[in-house]
Amino acid sequence: MLVSSNNVSKGQGASYSPYLVFSREEWSVLRRDTPLTLSEKDLPELRGINESLTLDEVSDIYLPLSRLLNLYVSASQGLHRATSTFMGGPASKVPFIIGIAGSVAVGKSTTARILQALLARWPDHVRVALITTDGFLHPNEVLHEQGIMSRKGFPESYDIRALVRFVSALKAGEPVVSAPVYSHLHYDILEGEEQDVRQPDIVIIEGINVLQTPRLNPDTTTGVYVSDFFDFSIYVHAEIGLIKNWFLERFHTLRDTAFRNEESYFHRYASMSHEEADRFARSVWSEINERNLVENILPTRKRADLILRKGDGHAVEEVKLRKL
């Protein structure tokens, strides 16, 4: 029997954490005999900017997680069948929804892409959709009108009602559910473009805000959270100093690549000197991203079912799994 580092022997006190805590080594053992279905050639499409994703990382961290999620999906499908039997009707197709939260630049998108690729290779749920909450940001025109363009990414910059309606429709088993599309090139919603989701087996919803609770007027809010519709939630965590470094590294890499595109919203930063660009990136981090992380994102970590704690190089060093 595997003993996690969360267990405390008699006479040494008791642990009151709601989580089981696993070191990287302890967690990696839990892949059991699950085969690795990704190869080196798959990694470039999965890794984020400035992330050194390796097959060892996939095998040690994400393969055991995909095994756990596969077991959860199977159990959830059994519960749906039992409920349908009780209700006396046919079992409707309802997706298993996974939420992934965490800071800007912490690697949420990479985690989401890896899980999508791994879970789609399990025979019982080959259709796995990935949605980012960027599409539910208010358009820049609206943000300018409301005077909150500088707070893009903060809770008030999202159309939370639309996001809740979207996730609710998924859980209602509607045949086609559409999500707005966001362009990082144009830094705005693409008007008239939508991503259609057609009854997948699993939906992964990734975004900094997915575990946040609404801060709406008590007279208008329904009290329904996006996370109320999740079957499982993940928080990707790292120390703030590490995330800051990753953000700055990513910004400078984008200056040399995507920002050079004349259609890019950030094209003007490509011609800045390194020193000017660095001062700008540091101010964006401290005035916007770090503030949003401390005030709105980090407090939601305790709501997650599983926490991945990263160290240097984006390598996961510890996994926390909520006790049932």
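Some points to look at:
- Per principal axis, descending, Cα span of the chain in whole Å: 58, 48, 43
- Backbone HN-Hα couplings from phi across region 306-322 [Karplus 6.51/-1.76/1.60, Hz, Gly and Pro as x]: 8, 10, 9, 9, 9, x, 4, x, 6, 7, 6, 9, 8, 10, 10, 10, 5
- Region 19-322: antiparallel DSSP beta bridges as a percent of all, rounded to 5: 45 percent
- Where labels lie 7 Å past Cα in the beta-carbon direction, separation of Asn245 and Asp228 in nm: 4.2 nm
- Only lysine pairs 8 or more places apart, or on different chains, with alpha-carbon atoms under 29 angstrom apart are counted in region 19-322, and they number 22.
- For the peptides 174-180, 162-168, 97-103, 273-279, the ranking by mean Cβ contacts within 10 Å, running from highest to lowest, is 97-103, 162-168, 174-180, 273-279.
- Working note: Karplus 6.51/-1.76/1.60 with θ = phi - 60° gives region 144-149 the couplings 5, 4, 8, x, 10, 4 Hz, where Gly and Pro are set to x.
- Of the peptides 129-140, 289-300, the ranking by mean beta-carbon count within 10 Å, highest at the top, reads 129-140, 289-300.
- Taking a sphere under 14 Å around the Cβ of Val58 and counting the other residues whose Cβ falls inside, with K and R at +1 and D and E at -1, yields a net charge of 0.
- Where labels lie 7 Å past Cα in the beta-carbon direction, separation of Leu79 and Val284 in nm: 4.0 nm
- Estimated inter-spin distance, Lys323 and Gln146, nm [label 7 Å along Cα→Cβ]: 4.0 nm
- Simple Cβ-charge dipole of the chain, Lys/Arg +1 and Asp/Glu -1, about Cα centre, in debye nearest 20: 1140 debye
- Residues of region 51-95 with amide N under 16 Å of the 7 Å Cα→Cβ point at Ala172: 92-95
- Three-way shape label, region 274-317, alpha-carbon gyration tensor, a/c 1.5: oblate
- Environment charge at Glu25 (Cβ cut-off 13 Å; Lys +1, Arg +1, Asp -1, Glu -1): -3
- Under the span-like rule (Cα at least 18 Å along the axis, Kyte-Doolittle mean at least 0.0), DSSP H helices of the chain: 63-87, 240-255
Readers should treat all values here as calculations from the given coordinates under stated rules, not as data from a laboratory. Worth saying up front: this structure is predicted, and the values here are computed from it rather than measured. So basically every Cβ, Gly included, is an ideal-geometry build from the backbone, and we count neighbours across all protein chains shown.
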